[in-house]
Each structure stands twice: as C-alpha cells, then as structure tokens.
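One structure below.
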Amino acid sequence: MTAIIFDLDGTLLDTLEDIADATNKVLSRNGFPIHSVVSYRHFVGNGARALVYRALPEERRTNELIKSCLNEFRAEYAENWNRKTHVYPEIHELLENLASLNIPFSINTNKPQPHAEKAVEGYLRAHAFAGVTGQREGVPLKPEPAGALQLAEIMGSEPTDTYFVGDSSVDIRTARAAAMPSVGVTWGFRTERELREEGALHIVHNPLEIVPLVSTTCSR
C-alpha cells in the first residue's frame, strides 16, 4: 500500500506570520530586538524550544531565559495561532484526490501536539487524516524517524512505500532516517536549493503534482 506523511507548517499550512508575531511579542516584552517574518523561515522547523533559542540574542541564551520565553511563547501562540494562518492553495484538492484514490495520509510535525491538533481541526477538518504526530513526550522530534515510522504502521504501509512530504531539510532527513522516499515542496518556508542539497528524491512546485507521483506507484 502506498501512503503519505505530510509535514504541517510550510507544507499544508502557511503558519509563519502567526509564529513570528507570537515570538516577536515575547521578545518585545522582554526588551529584546524583534525579527522580520522572513527571518523566521530559518528559525522554525526543529520545535518550539529551538525557535525561541534562535530568536533570542546569542549572549542571552541561558536555559532559564529560554524556558521562561518558551512558556510565554506557548501561551501567546495558543491565543493567537489563527490570525493569519491559512491553507496553501490546492492543498484541499490534493487531499481530496488522495482520498479518492484510497491513499491514506497523515501528519508528522515538530509543532507541539496540542497546537498541531488544533490547527488540523481548524483548517483541515474536512479530511480524514490517519494520524497526527506532533511534539510530545516519548516521541523524539524530527529528523528522528520514530513519529514517521509510527504513522506508517498506523496506515498499514511499509516505510519504503510511504512518501514523506515536507518543505525543509529536516523533513528530507526524516525521510532518509525512516527509509521513506522523500518529496520536497517549494512553496514552503525553505528554498528549493536546500531541498536539493539535502538529497530530496522528488521536488514538486505545486501540490497537485503529488497526485500522479503517488498514483503511478499505486498502479504498479
């Protein structure tokens, strides 16, 4: 059985502005410089703690301050996570096509589990995801493959038949660690160059390009 695991932020949902706004509010309250939205393209991807670490001034990155700002960020983001977030164009059509082909799909993200579930419910509730695995106790963050392998088992697919789709080097590394074919998407937070340098097996520029890719595999 062919199946697909999607990254969430930068792949299915454009969440960057809400993440940037929440982080900048925390930085401003604590007297630190804020960053442009573009800068956050390189801050996200490895979980909320890494986001806060990267956003803080280098000389102020103590464990105590990181923990304090992380708690502030979580509270701020929980209140304002859906101000500017939106689904990327043609994602709904992509998921509908996959469902019509009986190809199961799921989500593996480094977004904290409660935020991931809330985002899926808020923007993607029309689609039947087999599972959503986010940042949570007992499951290491991507690029560790545990979450992806867990989802493949839920979907009843072998790792080698499970496409991992994402917009960053973290996703391509996750795919490689899980022995899954990787698909890099160019509409997300990172560049096509980063995806190619990381060794993405496939590169797509439009969500609907994924359909013939996986449907051809199904027909073999």
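The values are calculated or read from the model by the stated rules, or taken from the named source; none is laboratory data. Keep in mind that what you see is a predicted model, and the values were worked out from it rather than measured. FYI the Cβ positions are ideal-geometry reconstructions off the backbone, even for glycines, and counts take in every protein chain you see.
Numbers for the structure displayed
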quantity: Pairs with Cβ under 9 Å, 6+ apart, first in region 150-179 and in the same structural domain as Leu95 (by TED's automatic domain parsing) and at positive phi, second of a type in the set (S, T, N, Q) and surrounded by fewer than 24 Cβ atoms within 10 Å (Cβ to Cβ); calculated: Ala179/Thr160
quantity: Any chance Ser28 is farther than 24 Å from Asp171 by Cβ and either hydroxyl-bearing (Ser, Thr, Tyr) or within 15 Å of the chain's Cα centre (by Cα) (or both); calculated: yes
quantity: Residue selected from region 172-220 under the condition in a helix (DSSP H, G or I) and in contact with a Lys or Arg (Cβ under 7 Å, 6 or more places away or on another chain), by the criterion nearest to Thr15 (Cα to Cα); calculated: Thr174
quantity: Number of positions in region 107-143 that are loosely packed, with under 15 Cβ neighbours inside 10 Å, assigned to a loop (DSSP other than H, G, I, E, B) and modelled with pLDDT of 95 or more; calculated: 3
quantity: Residue in region 47-66 that is among the β-branched types (Val, Ile, Thr) and assigned to a loop (DSSP other than H, G, I, E, B) present; calculated: yes
quantity: Hits in region 12-61 - residues which are among the aliphatic types (A, V, I, L, M), in contact with an Asp or Glu (Cβ under 8 Å, 6 or more places away or on another chain) and surrounded by fewer than 20 Cβ atoms within 10 Å (Cβ to Cβ); calculated: Val37
quantity: Given (1) outside any helix (DSSP H, G or I); (2) modelled with pLDDT under 95, number of the condition Ala78 does not satisfy; calculated: (1)
quantity: Residue in region 182-199 that is farther than 30 Å from Ala20 by Cα and in contact with a helix residue (DSSP H, G or I) (Cβ under 8 Å, 6 or more places away or on another chain) present; calculated: no
quantity: Filter result for the condition that a residue is in the same structural domain as Val211 (by TED's automatic domain parsing), at negative phi and free of Cβ contacts under 8 Å to residues at least 24 places away in the same chain, over Ser100, Ser36; calculated: Ser100
